[in-house]
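What follows is a set of notes on a single structure, which appears directly below.
The values are calculated or read from the model by the stated rules, or taken from the named source; none is laboratory data. None of these values were measured; they are calculated from a predicted model. Cβ placement follows ideal geometry from the backbone for every residue including glycine, while neighbour counts extend to all protein chains displayed.
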Ligand code: SF4
């Protein structure tokens, strides 16, 4: 992972000269970016450890086992959120990080910087903190917070406008909550983004817990604009399999792209339990933690766990934990590099990392997903 400005420019020198790549991780994110990526680079193959995905063909590119890299060396761009695990696998094949392989965030972030452009791979926006599930271990701590409400549509539009003022392109804009299908302004926000930024965006995702079937007019918008619905299915713990099936049938009927993710476990971040890491270990912990970028109130975050902890009042706001992109000058390379460097986690760890086990890190503890806080439970 790129640690500082010198390493960034070294990385750029190497990677701008490569022209053909394997892409690792056959995911919705990969499918979203592939049409624009294949105009720029040659893609030799898609790699995935999941044998049920191997053999699939997407845009004439075959999904194959990563074992090919034991015999044939190649440059690899990793799409998976299990970057840490995949990095170890690739190193066991003799590949070197940042020389033979890197994450999509680093690759697209750096290559676009060649043209003084900012590219952010995936940005989440929480549209509501309201949710109809009451998960005991919710990462946003929704069931425990007094601040669970819908966010203002105009404030979200302002955030998007000022973000695109400095950022050239976003891979995926991911709208989530809480439960975004409870938010009354979803269709209006989607229309606004499509009308203004569809040429600067690969895809829009809506992440839902699968408990709500959207009404016909929202379904028509989702279908028209090919919005990708990511269904987090917790039916192993909550009896709503029938509703999930109904939702999937409805999305199929309307020809709406969707991804069904059965989720059995979550990471337990154990916020506020000191990890007692050295300064070097702390930075490494932060860099390895593969949490999504997000925007809120003119601020760009590399971690939504931290954003939610501030929003809920669990921790104090700390200006070192985000970049105020709304105050950056789009004509200034220094300002733009500030956002690029923060996105690539080239600085210090966030204030919360020393008390948070993170995701895809060495300190992760898994717990059962979506155990309901019965004292708050309501029928679906
Ligand atoms: S360790 Fe925790 S606070 Fe730090 S980036 Fe990861 S999830 Fe966020």
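In segment 97-132, what count of residues is obtained for those that are in a strand (DSSP E or B) and closer than 18 Å to residue 174 by Cα?
Of the residues in segment 97-132, the ones in a strand (DSSP E or B) are 97, 101-103, 119-126, 128.
When the remaining residues are screened for being closer than 18 Å to residue 174 by Cα, the result is 119-126, 128.
Matching residues across segment 97-132 total 9.
Could you list, in sequence order, all residues of segment 291-300 that are more than 14 Å from residue 160 (Cα to Cα) and crowded, with 23+ Cβ neighbours inside 10 Å?
First, the residues of segment 291-300 that are more than 14 Å from residue 160 (Cα to Cα): 291-292.
The answer is 291, and nothing else.
Would you check if residue 196 is within 21 Å of residue 35 (Cβ to Cβ) and surrounded by fewer than 17 Cβ atoms within 10 Å (Cβ to Cβ)?
Values: within 21 Å of residue 35 (Cβ to Cβ): yes; surrounded by fewer than 17 Cβ atoms within 10 Å (Cβ to Cβ): yes.
So residue 196 fits the description; yes.
Could you list, in sequence order, the residues of segment 321-345 that are within 14 Å of the ligand (Cβ to nearest atom) and touching a residue at least 40 places away in the same chain (Cβ under 8 Å)? Passing the criteria: 342, 343, 344, 345. Taken together, 355, 262 contain a single residue that is within 16 Å of the ligand (Cβ to nearest atom) and farther than 30 Å from residue 118 by Cα, which is 355.
The set of residues in segment 296-320 being assigned to a loop (DSSP other than H, G, I, E, B) and within 9 Å of the ligand (Cβ to nearest atom) consists of 302, 303.
Just to be sure before I move on: is residue 288 in contact with a helix residue (DSSP H, G or I) (Cβ under 6 Å, 6 or more places away or on another chain), within 12 Å of the ligand (Cβ to nearest atom) and touching a residue at least 12 places away in the same chain (Cβ under 8 Å) in the structure I sent? The answer is yes for residue 288. Just checking, does segment 271-279 include any residue being more than 16 Å from the ligand (Cβ to nearest atom), surrounded by 15 or more Cβ atoms within 10 Å (Cβ to Cβ), over 26 Å from residue 128 (Cα atoms) and in the same structural domain as residue 208 (by TED's automatic domain parsing)? No, segment 271-279 contains no residue that is more than 16 Å from the ligand (Cβ to nearest atom), surrounded by 15 or more Cβ atoms within 10 Å (Cβ to Cβ), over 26 Å from residue 128 (Cα atoms) and in the same structural domain as residue 208 (by TED's automatic domain parsing). Looking across segment 344-366, not a single residue is at pLDDT 95 or above and touching a strand residue (DSSP E or B) at 6+ places or on another chain (Cβ under 6 Å).
Residues of segment 331-346 that are over 20 Å from the mean Cα position of the chain (by Cα) and part of a loop (DSSP other than H, G, I, E, B): 331, 332.
Could you check, for segment 305-318, whether at least one of its residues is in contact (Cβ under 8 Å) with a residue 40 or more places away in the chain and either loosely packed, with under 15 Cβ neighbours inside 10 Å or within 26 Å of residue 12 (Cα to Cα) (or both)? Taking every residue of segment 305-318 in turn, at least one turns out to be in contact (Cβ under 8 Å) with a residue 40 or more places away in the chain and either loosely packed, with under 15 Cβ neighbours inside 10 Å or within 26 Å of residue 12 (Cα to Cα) (or both). For residue 282, the requirement of being assigned to a loop (DSSP other than H, G, I, E, B) and out of contact with any strand residue (DSSP E or B) (no Cβ under 7 Å at 6 or more places or on another chain) is not met.
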